[in-house]
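**Student:** Sharing a structure below in structure tokens format, with a few things to ask.
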Amino acid sequence: VFDPQGQTIADALHAMGYNGIQDVRQGKYFELDIEASSLDQVRAMAAEVADKLLANTVIESFRVEVDPL
């Protein structure tokens, strides 16, 4: 998927002399505090929420990371 914001940032970085940067992807970040009985349930709930509400999966992808407290 073409990322015009990422491309603009990459072009600016190249103009500043950062020629080793091959690609820039700009995106969104969400942090959820989820209470569940297992880390697997936390992962599953976060993925479901991202898929159904937070990400437009036609043009976006998402990744779920769990940081146990």
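**Student:** Answer yes or no: is there a residue in the range 30-40 that is at pLDDT 95 or above, under 21 Å from the mean Cα position of the chain (by Cα), of a type in the set (D, E, K, R) and not in a helix (DSSP H, G or I).
**Tutor:** Here is the first cut: in the range 30-40, the residues at pLDDT 95 or above are 30-40.
Filter again for under 21 Å from the mean Cα position of the chain (by Cα), leaving 30-34, 39-40.
Retained after the next criterion (residues that are of a type in the set (D, E, K, R)): 31, 33, 40.
Right, trim to not in a helix (DSSP H, G or I) and you get 31, 33.
Yes: one or more hits.
**Student:** Counting only residues that are basic (Lys, Arg) and closer than 16 Å to Pro68 by Cα, how many does the range 1-53 have?
**Tutor:** Start the filter on the range 1-53 by keeping residues that are basic (Lys, Arg), which leaves 25, 28, 43, 52.
So of that shortlist, the ones also closer than 16 Å to Pro68 by Cα come out as 43.
Selection size over the range 1-53: 1.
**Student:** May I pose another question? In the range 1-51, what count of residues is obtained for those that are touching an Asp or Glu at 6+ places or on another chain (Cβ under 7 Å) and more than 15 Å from Ser61 (Cβ to Cβ)?
**Tutor:** 1
**Student:** Quick one: in the range 37-56, of everything that is among the aliphatic types (A, V, I, L, M) and loosely packed, with under 13 Cβ neighbours inside 10 Å, which residue is nearest to Gln5 (Cα to Cα)?
**Tutor:** Leu53
**Student:** Which numbered condition in (1) closer than 25 Å to Gln5 by Cα; (2) in contact with a helix residue (DSSP H, G or I) (Cβ under 9 Å, 6 or more places away or on another chain); (3) hydrophobic (A, V, I, L, M, F, W, C) is the only one that Val66 fails?
**Tutor:** Checking Val66 against (1) closer than 25 Å to Gln5 by Cα; (2) in contact with a helix residue (DSSP H, G or I) (Cβ under 9 Å, 6 or more places away or on another chain); (3) hydrophobic (A, V, I, L, M, F, W, C), the one that fails is (1).
**Student:** Mind listing whichever residues of the range 7-29 are surrounded by 11 or more Cβ atoms within 10 Å (Cβ to Cβ) and modelled with pLDDT under 95?
**Tutor:** Arg25, Gln26, Gly27
**Student:** Which of the residues that make up the range 1-29 are of a type in the set (Gly, Ala, Ser) and assigned to a loop (DSSP other than H, G, I, E, B)? Steps first, answer last, please.
**Tutor:** Filtering the range 1-29 for residues of a type in the set (Gly, Ala, Ser) gives 6, 10, 12, 15, 17, 20, 27.
Result: Gly17, Gly20, Gly27.
The values are calculated or read from the model by the stated rules, or taken from the named source; none is laboratory data. Note that the structure is a prediction, hence the values are computed from the model and not measured. FYI the Cβ positions are ideal-geometry reconstructions off the backbone, even for glycines, and counts take in every protein chain you see.
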